[in-house]
Structure formats: C-alpha cells, structure tokens
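Please treat every number below as a calculation from the coordinates, not as lab data. What you are looking at is a predicted structure, and each value in this text was computed from that prediction instead of being measured. With ideal geometry, Cβ positions are generated from the backbone for all residues, glycine too; neighbour counts draw on all protein chains shown.
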Ligand code: BV8
Ligand code: ZN
C-alpha cells in the first residue's frame, strides 16, 4: 500500500510553527551508510562494548582508531539523501525547524540544515585526550595506528561513547526544542539508546503531535500519534510535497 499522509497529520502540518526532526542511523541508510542494528548492522560484526567506549579505546587505540577510519572512509564517499534534503527544504516553510540527530555522519550539515543538535558528536571532529587540542576536519591518512598530539596524548574521535555523557549544550538544546515544538518526527531510529530516546517522549509530554518514520516497528512505536511505515526518503518527500501545496515559503 503506497505511503499516505493522514488527515490529522495534514492539518497539523498546515498550522504548525515549530517542527523537530529527531533522526537515527536509518535516515542515512539510503545514502549507503550501514545502520547499527539492522541485518547488515555494524554492531552485528562487533559489539559496541568492544569499540564505542573509552576503555576499549585506551586498551586498544589502534583497533578503535581503525574502526573509525573505516567508517570515515565510508562516509566520505557517501552523500546526503532525499530525506536530508527534504528537511532542508521544509526549513523554508516554518519559523522554526530543528534537527536533533543521534548520527555522527555529518550528513544533515552537508545537506544544508541550519539548526542541528548532534547528541552523539561528529565523526569528522577529534581531540587530544590529554590536552584537549582539537583536530576537527583533519584528514588523517594513517588508517591502522592511532594518532598522537604534539603533547604526546592520544587523539580520539569527538563522538559520545557508551558510558559517556552527552554534550550538555547539545542535549539541553534538544530538550528545549522538544519541549516547545508543535510536531516531532522520529526518523530511522530503534529508540533504544538513552538518553537520546527521551527526546520524542519529552515532545509528546509537552503536547506535540508526534510521528514515527521507520521501515520497521520499534520499541517506541506505541508512543507516537502516527506511524509512517516506509523509507525516510519516500516519507519525507511526500511530506514536503504536501507542505509545498498548502504553505508559502517564509524564507
Ligand atoms: C550515558 C556514537 C550516562 C558513537 C552512539 C540500560 C538501560 C538504559 C540505558 C543504558 C543501559 N545500559 C547502559 C545504558 C546507557 C547507554 C545506552 O543507552 N545503552 C543502550 C544500548 C541500552 N547510553 C549511554 O551510554 C549514553 N551515555 O548514558 O551516560 C552517564 C551517566 C553518568 C555518568 C556518566 C555517564 C551514551 C550513548 C551514546 C552512544 N554512542 N554513537 C558511534 O557512532 O560510534 S550510539 C549509536 O546508536 C549511534 O549514535 C546511533 O545513532 C544510536 C542509536 O541507534 P539508531 O540510530 O537507532 O540506529 P539503529 O541501527 O539502532 O536503528 C536504525 C533504525 O532505522 C531501525 O529502526 C531501522 O528499522 C530503521 N531504518 C533502516 N533503514 C531505514 C530505516 N528507517 C527509515 N528509512 C530507512 N531507509
Ligand atoms: Zn595534546
């Protein structure tokens, strides 16, 4: 059955002023970036505990560094897809459109979104564990061995590992956005990882109309007013098409 937008969702899109798009790895799947927990998920081959945590990194920096270099290489050759670009276009039709992403792949930024909270960091950013010196958007040729700072400290990716706190400015900004939006779309996330998965709960509690866009049901599906069961690119293009029919661009 082709994807459709319900009457309720249409009327909300007509009157909304502030929309939050909450995204997970599934929004980047159509760009060719593997998700974490799908059939081809990267967590299937190796467990997050082994790689995406600080102790694993300090115990075996080369292994973890190589994994991130491998993922950077994948991301370098990929591009934002229709889902990312639809959100950038939707920005033109509403006073406030905010992206809250769990992804570290930088694709929302590359698609031109202007207001983004990166809850789990950004794989293109790095810093020295010892002195904090930043090495953002530096392209390290060396793939296998970890890199050291001038001070001798180890350079790590600026992503949030399991057991690490989320950047407070990012998470509090995302919470405030969820508390004050009229609508929240949750796109391509299993809704497992905390505290990120709280964002749709906060929005709903604050009275926002919430919709989930996913190719599967998730642990959070029961939370949402509406489920759009389909691919992110397709669903968001359909939503953009409807918005273009009923609203005029404000910027
Ligand atoms: C913290 C960055 C506290 C690194 C990531 C037990 C219960 C509750 C919580 C915990 C617990 N034990 C431990 C915790 C806390 C832990 C946690 O939540 N664990 C989970 C696994 C249970 N959380 C943490 O550790 C967080 N920190 O809690 O600190 C603290 C307190 C005091 C003092 C110190 C600390 C930090 C979590 C951050 C981890 N970092 N990433 C990196 O990327 O390398 S998480 C990682 O998972 C990614 O960020 C990813 O975005 C995120 C969530 O995954 P999803 O995005 O949902 O991706 P997934 O593959 O799972 O799903 C894809 C979905 O897309 C699927 O639903 C699929 O159907 C759908 N899909 C696929 N294709 C499409 C599609 N949908 C639409 N269209 C398509 N085409
Ligand atoms: Zn240093």
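Couple of notes before you dig in:
- A residue that is closer than 22 Å to residue 138 by Cα and touching a strand residue (DSSP E or B) at 6+ places or on another chain (Cβ under 8 Å) occurs somewhere in the stretch 72-85.
- In the set (1) without any contact (Cβ under 8 Å) to a residue 24 or more places away in the chain; (2) in contact with a helix residue (DSSP H, G or I) (Cβ under 7 Å, 6 or more places away or on another chain), residue 168 fails one condition alone, (2).
- Some residue of the stretch 183-200 being farther than 30 Å from residue 63 by Cβ, in contact (Cβ under 8 Å) with a residue 12 or more places away in the chain and over 18 Å from the mean Cα position of the chain (by Cα): no
This table checks each residue for (1) more than 16 Å from ligand 2 (Cβ to nearest atom); (2) touching a residue at least 40 places away in the same chain (Cβ under 8 Å); (3) in a loop (DSSP other than H, G, I, E, B).
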site	(1), (2), (3)
69	yes, yes, no
83	yes, yes, no
88	yes, no, no
92	yes, yes, no
104	yes, yes, yes
108	yes, yes, no
113	yes, no, yes
123	yes, yes, no
137	yes, no, yes
